[in-house]
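Chemist: The structure that follows is given in the form of structure tokens.
FYI, it's all coordinate maths here, none of it is from the lab. Just so it is clear, the structure is predicted and the values come from calculations on it, not from any experiment. Virtual Cβ from ideal backbone geometry, glycine too; neighbours counted across all protein chains shown.
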Amino acid sequence: MEKRLAKLRERLANSNLPAAFIYSKENRRYISGFTGSTGYVIVTADKAYFVTDFRYRDQAQQQCKGFEVIIHGSSLFDQLKETILSNQIKALGIEESFMTVSFYENLKTNLESVELVSLKGMLDELRLYKDPEEIENIAKAAAIADDAFTHILGFIKPGIKEIDVAVELEYFCKKHGATEMSFDSIVASGVRSSLPHGVFSQKVINNGEFLTLDFGCVYNGYCSDMTRTVFVGKADEKQKKIYNTVLEAQQKALEQIKPGIVGKDVDKVARDIITAAGFGENFGHGLGHGVGLAVHEEPRLSPMGERILEANMVVTDEPGIYIAEYGGVRIEDLVLVTEDGHRVLSTSPKHLIEL
Ligand code: ZN
Ligand code: ZN
């Protein structure tokens, strides 16, 4: 945590900000190590405070190394005011895309003399670059999901419901060390596979249907995210063409993932292949996103993704083709950008699996 604090302080200094106020779940954990659900971080040039309530006293003292832990009384805002004003803080960086309007108003009323300034995603910038421990956790989360995929292949058969598959995936992941799923698993069969975010339903899985499984789990706070689409029964020519187009787009984009390439250029490689095959309008989302403490974070690999990929970023590569009232295919890998290219963290097979 000390390295992270040092990096944050360096960025604060560069922005002429004397202090930062952080309490979003991921940023709070990133900077303080705190895994609980309530706590407020104040970082100044030479101090770091963790403000929480009595329930988290012991946990905060154990986890927040290098922080002065303060337990607030009945009023959180009285405590924040005291801590901030006693440090003569004149301007405070806040998480603009997280703080609610009511919290902001409360802070403003209590800290009349303090200027509240947007941190402009300063923490998200730091979180772009994963350290070895973070990479290990993400890789472990990906490995659990890979094992879950292998397991689920033996479980899927015509007649079971999407929800049965989702529950089995979750049970397996938790049995093997995950604390939770990264998001509600997407288990979308048949015509529902044309919904890019078709969270599992009570629908029965039938023979002759695509089945898209998009899921991930959390290990030590870090997420994984992968998608495989399998076919229940024997795929026909059109279904094979759709699948193989997505696969080619996924693989060609993957080859491009390395330091120095701009996010939108990776997206374009996949998009061009899908467009050339006649399905351009059926790929309506970006190619990928960063993954870490949050399942969707920077950088974005989409037509809008201007960020240049660098070593130690973790991104997904997930093109898809979705045809309304017909079905869809998506294939997603989790990929670590390395000094000389990339390493794929999700290793499940990608050829068309017919069950
Ligand atoms: Zn996914
Ligand atoms: Zn994803």
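Chemist: What order do you get for 48-59, 231-242 when each peptide is scored by the mean count of other beta carbon atoms within 10 Å, highest first?
Modeler: Numbers: 48-59: 17.7, 231-242: 15.7.
The packing order, highest mean first, is 48-59, 231-242.
Chemist: Also, quick follow-up: Indicate the gyration tensor shape class of the range 2-126 (rounded, prolate or oblate), computed on the Cα atoms with a ≥ b ≥ c the square roots of the eigenvalues: a/c under 1.5 is rounded; otherwise a/b larger than b/c is prolate and the rest oblate.
Modeler: rounded
Chemist: If you take all C-alpha pairs in the chain, what percent of them are over 29 Å apart?
Modeler: Values: 29216 of 62835 pairs.
The answer is 46 percent, as a whole percent.
Chemist: In whole angstrom, how far apart do the alpha carbon centroids of the range 79-122 and the range 140-169 sit?
Modeler: If we compute the Cα centre of each part, the gap is 45 Å.
Chemist: Using only Cα atoms, find the angle between the long axis of helix 76-86 and the longest principal axis of the chain, and express it within 0 to 90 degrees, rounded to the nearest 10.
Modeler: 60 degrees
Chemist: Sticking with this one: Can you tell me the FRET efficiency between SER201 and THR275 if r is taken as the Cβ-Cβ distance and R0 is 35 Å, rounded to the nearest 0.05?
Modeler: Values: r = 31 Å, r/R0 = 0.88.
The value I calculate is 0.70.
Chemist: If each residue of separation counts as 0.36 nm, what is the full-extension length gain between GLU325 and HIS176 once their alpha-carbon separation is subtracted?
Modeler: Gain on stretching GLU325 to HIS176: 50.0 nm.
Chemist: What does the extension gain come out to for SER113 and THR38, with contour length at 0.36 nm per residue minus their alpha carbon separation? Mind showing how you got there, number by number?
Modeler: Details: separation 75, 0.36 × 75 = 27.00 nm, distance 2.61 nm.
That works out to 24.4 nm of additional length.
Chemist: In percent, how large is the relative contact order of the chain, given Cα pairs closer than 8 Å and 6 or more residues apart? Let's see the in-between values first.
Modeler: Numbers: 769 pairs, mean separation 51.1, N = 355.
Result for the chain is 14 percent.
Chemist: Determine the shape class of the range 219-343: with a ≥ b ≥ c the square roots of the Cα gyration tensor eigenvalues, call it rounded for a/c under 1.5, and otherwise prolate if a/b is greater than b/c, oblate otherwise. Working shown, then result.
Modeler: On the way: a/c = 2.08, a/b = 1.58, b/c = 1.32.
Verdict is prolate for the range 219-343.
Chemist: If you don't mind, another one. Show which lysines lie in cross-link reach of LYS241 when reach means a straight Cα distance below 28 angstrom and same-chain residues fewer than eight apart are skipped.
Modeler: LYS157, LYS161, LYS203, LYS252, LYS264, LYS268, LYS350
Chemist: Starting from the 7 Å offset along Cα-to-Cβ, what nm value, one decimal, do you get for the label separation of PHE54 and THR347?
Modeler: With each label placed 7 Å out from Cα toward Cβ, I get 5.1 nm.
Chemist: Further question on the same structure: May I ask you to derive the FRET efficiency for ASP131 and LYS241 from their Cβ-Cβ distance with R0 = 45 Å, giving the value to the nearest 0.05?
Modeler: 0.60
Chemist: Ranked from highest to lowest mean number of other Cβ atoms within 10 Å per residue, what is the order of the peptides 20-30, 314-324? List each step's numbers first, then the result.
Modeler: Numbers: 20-30: 21.3, 314-324: 24.3.
In decreasing order of mean packing, 20-30, 314-324 become 314-324, 20-30.
Chemist: Just to confirm a number: summing +1 for Lys and Arg and -1 for Asp and Glu over residues other than LYS252 whose beta-carbon lies under 14 angstrom from that of LYS252, what do you get? Numbers along the way, then the final one.
Modeler: Numbers: positive: LYS258, LYS268, ARG271, LYS350; negative: GLU248, GLU255, ASP265, ASP267, ASP272, ASP317, GLU318, ASP333.
In short, -4.
Chemist: Turning to a different aspect of this structure: Which peptide among 179-192, 102-115, 297-310 comes first, and what is the full order, when sorted by highest mean count of other Cβ atoms within 10 Å? If you can, show how the numbers build up before the last one.
Modeler: On the way: 179-192: 20.6, 102-115: 13.1, 297-310: 18.1.
So the order, starting with the most tightly packed, is 179-192, 297-310, 102-115.
Chemist: Multiply the residue separation of VAL101 and GLN61 by 0.36 nm, subtract the distance between their alpha-carbon atoms, and state the gained length in nm to one decimal. Present the calculation step by step, with values, prior to reporting the outcome.
Modeler: Values: separation 40, 0.36 × 40 = 14.40 nm, distance 3.00 nm.
In short, 11.4 nm is gained.
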